[in-house]
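Participant: Here you go, one structure.
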Amino acid sequence: MATFAPMAQNEEIFKKIISHSKEYGFVFPSSEIYDGLSAVYDYGQNGVELKNNIRQYWWKSMVQYHENIVGLDAAIFMHPTTWKASGHIDAFSDPLIDNRDSKKRYRADVLVEDQMAKWQDKIDKEAEKAAKRFGETFDKDQFLATNGRVLEYKEKIESTTKRFYGAMERNDLADVKKLIEDLEIVCPVSGSRNWTDVRQFNLMFSTSMGSVSEDSNVIYLRPETAQGIFVNYLNVQKTGRMKIPFGIAQTGKAFRNEIVARQFIFRMREFEQMEMQYFVRPGTELEWFEYWKTERMKWHQSLGIPATKYRWHPHDKLAHYANAAIDIEFEFPIGFKELEGIHSRTDFDLKAHQEHSGKKIQYFDPELNENYVPYVIETSIGLDRTFLAVLSYAYTEEKLEDGSERVVLRLPSMLAPVKCAILPLVAKDGLPEKAREIMDTVKYDFMCQYEEKDSIGKRYRRHDAIGTPYCITVDHQTLEDNTVTIRDRDTMKQERIPIEKIGELVRLKIKG
Ligand code: ATP
């Protein structure tokens, strides 16, 4: 039984992160001069660096550090039969419901899950209250297993889960609507219960290829990168002489016509995925599923974010292709939400492509001396959501000893957009020339920024706000003895070091 996150815990902080992202060149609304495009965003000068660094770290962890995982970059456009085989044409849809008074559209499953989140929130609050009342003698597990009110809420969550997923499985959309009515769910905007019927809405964007607008020319923007890997399975396995178990990793854009597309870059209509499909011998898939669960959780925590910010969310209802599935959820400012999915996809996709293409997609296992269609474990993570996770964890407002305040992004140094700022104390007396000289010696090794405008204090603040781990200041003493000061973003401490030590120190800091 899954647990549900309390809703919108920290809207204020979330708003601040959104405006900080814009003010400091991380994320802009798409085509903003035309008032933006709903749920589409652009990454600015600092955002693109952070995003590239996250992607690169994922790529290294998957492809470079695993000898049996190789990369791929498949096209976004794919033969339309791909999506018939994968089930996306028939089954990639969300149940949709409109409120007649506000004219707002919602995902029926989100309305129901939000309602369950409210009950879960109440359970958490009961436990918190009891913990305060009983102090050290409080036994949380026992309380949750016996308290009358908690049991009531738990029962509601369980019966609602059962009814909702049962109705979805039977495709009984009338019962989904009835459930929303029975739960007395109101539209958050109009406050009314004036709902339309529930209907299914396919999330794929389509466009046409070529000049004749016939059905056969309809193609789709891929809703996931995974299928590019499946259709290339044979190409990679054969040309790379890959032996099972092995993986294929890919990063790239995916497109979904999301209905509930709010929440900044958390849910976009154009986003980027980082996916890896791991091909295994049938019957061993659940062991590999466990292996990749552990590996992926380790990866997240290697970003220096504490374990308490993550939790598991086992799926209540498995997708049509899976025999095991779990999400890694992250505590965003809007509550715990999915960041990555780990799925045991069985041989569903390869078999489906085999049937639809008429090509044999199999592996000859020399140890077993037999042919089979491999089973697949998938790890699928959103790059934009990881960006949001890293950014929201890093965003810190600090009150300093002198009473002033600063906003600092405590990004892991290896992910920071700029690793090192080179700042002449004043823009005269030969200091800019000396600073430029230093810049020329380090800029080939890592991303550096030269800045001479504004007071040194303001420049430090600007670099704190974009998460630059080190600021190097060139002052008059530098001209005499070739030393500079190096300021640490987090401690704000400054140290004097010889110029030739800069490279070594920064390299050490960003190694990760
Ligand atoms: P959700 O339940 O939030 O809609 P999902 O279960 O449909 O997500 P998957 O199909 O498992 O997501 O996709 C894998 C990953 O891709 C997700 O864990 C998420 O990080 C990312 N992702 C999916 N949809 C979006 C989106 N619309 N915008 C940004 N990232 C997304």
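Coordinate-derived values only; no laboratory data. Everything numeric in this text was worked out from a predicted model, so none of it was measured. For neighbour counting, all protein chains shown are included, and Cβ atoms are generated from backbone atoms with ideal geometry for every residue, glycine included.
Participant: Please give the helix 45-59 orientation as an angle from the longest Cα principal axis of the chain, in degrees from 0 to 90, rounded to the nearest 10.
Facilitator: That helix lies at roughly 60 degrees to the long axis.
Participant: In what order do ILE259, ILE438 fall by count of nearby beta-carbon atoms within 10 Å, going from fewest to most?
Facilitator: Fewest-to-most ranking of ILE259, ILE438: ILE259, ILE438.
Participant: Starting from the Cα of VAL110, step 7 Å along the direction of its Cβ; do the same at LYS493; then give the gap between the two resulting points in nm.
Facilitator: Those two pseudo-labels are separated by 4.7 nm.
Participant: Which lysines have a Cα lying under 21 Å from the Cα of LYS238, excluding residues fewer than 8 positions away in the same chain?
Facilitator: Of all the lysines, those that pass the test against LYS238 - Cα under 21 Å, at least 8 places apart if same chain - are LYS351, LYS359, LYS360.
Participant: What list do you get for CYS420, CYS448 if you sort them by fewest beta carbons within 10 Å?
Facilitator: Neighbour counts put them in this order, fewest first: CYS448, CYS420.
Participant: Quick check: convex hull of the Cα atoms in the range 48-146, volume per residue, rounded to a whole Å³?
Facilitator: 341
Participant: Using only Cα atoms, find the angle between the long axis of helix 383-394 and the longest principal axis of the chain, and express it within 0 to 90 degrees, rounded to the nearest 10.
Facilitator: Tilt of helix 383-394: around 50 degrees.
Participant: Here is a follow-up. Considering just Cα atoms, how many Å³ per residue does the convex hull of the range 93-202 enclose?
Facilitator: Output value, Cα hull per residue: 109 Å³.
Participant: Hey, another quick one. Give, in whole angstrom and from largest to smallest, the semi-axes √(5λ) of the equivalent ellipsoid of the range 25-86, with λ running over the eigenvalues of the Cα gyration tensor.
Facilitator: 29, 23, 7
Participant: OK, next. Could you give the nm distance between label points at LEU144 and ASN217, where each point is 7 Å from its Cα heading toward the beta carbon?
Facilitator: Distance between label points: 5.7 nm.
Participant: Compare the peptides 162-171, 379-388 by average per-residue count of other Cβ atoms within 10 angstrom and give them in order, highest first.
Facilitator: Descending mean neighbour count gives 379-388, 162-171.
Participant: Return the FRET efficiency for the residue pair ILE76, GLN301: r is the Cβ-Cβ distance, R0 is 35 Å, and the value is rounded to the nearest 0.05.
Facilitator: Efficiency at R0 = 35 Å is approximately 0.65.
Participant: Counting only DSSP beta bridges with both residues in the chain, what percent are antiparallel, rounded to the nearest 5?
Facilitator: 85
Participant: Additional query: Could you give the distance between the Cα centres of the range 261-308 and the range 12-84, to the whole Å?
Facilitator: 16
Participant: With a point put 7 Å past each Cα toward its Cβ, work out how far HIS356 is from LYS443 in nm, to one decimal.
Facilitator: Between HIS356 and LYS443, the simple spin-label model gives 4.9 nm.
Participant: At 0.36 nm per residue, and after removing the present C-alpha to C-alpha distance, how many nm does the segment from GLU405 to LEU286 gain when stretched out fully?
Facilitator: 37.8 nm
Participant: Work out, in µm²/s and without decimals, the Stokes-Einstein translational diffusion coefficient of the chain at 20 °C, 1.002 mPa s, Rh from Kirkwood over C-alpha pairs.
Facilitator: Answer from the Stokes-Einstein relation: 82 µm²/s.
Participant: Further question on the same structure: Give me the angle, in degrees from 0 to 90, between the Cα long axis of helix 108-134 and the longest principal axis of the Cα atoms of the chain, rounded to the nearest 10.
Facilitator: Its long axis makes an angle of about 70 degrees.
Participant: Taking neighbour Cβ counts within 10 Å as the exposure measure, how do LYS156, LYS84 sort from fewest upward?
Facilitator: Least to most surrounded, the residues fall as LYS84, LYS156.
Participant: Oh, and also: So what is the 222 nm mean residue ellipticity for the chain from helices alone, if each DSSP H run of at least 4 adds -39500 (n - 2.57) and you divide by all residues, rounding to the nearest 500 deg cm²/dmol?
Facilitator: About -11500 deg cm²/dmol.
Participant: Could I ask something else about it? Which three semi-axes in whole Å describe the equivalent ellipsoid of the range 361-422, each the square root of 5 times a Cα gyration tensor eigenvalue, listed largest first?
Facilitator: 50, 13, 9
Participant: Based on the mean of other Cβ atoms within 10 Å per residue, sort peptides 173-184, 188-199 so the most packed one is first.
Facilitator: 173-184, 188-199
Participant: From the square roots a ≥ b ≥ c of the eigenvalues of the alpha-carbon gyration tensor of the range 418-510, which class results: rounded (a/c under 1.5), prolate (a/b over b/c), or oblate?
Facilitator: Because its axes are fairly even, with a/c under 1.5, the range 418-510 counts as rounded.
Participant: Averaging sequence separations of C-alpha pairs under 8 Å and six or more residues apart, then dividing by the length of the chain, give the relative contact order as a whole percent.
Facilitator: That works out to 15 percent.
Participant: PHE134 label point, 7 Å along Cα→Cβ, cut-off 15 Å on backbone N: hits in the range 148-171?
Facilitator: Counting backbone N atoms under 15 Å from the label point, the list is 148-151.
Participant: Per Stokes-Einstein, at 4 °C and 1.567 mPa s, what whole-number D in µm² s⁻¹ belongs to the range 91-138, with the Kirkwood radius over Cα pairs as the hydrodynamic radius?
Facilitator: Rounded to a whole number, D works out at 96 µm²/s.
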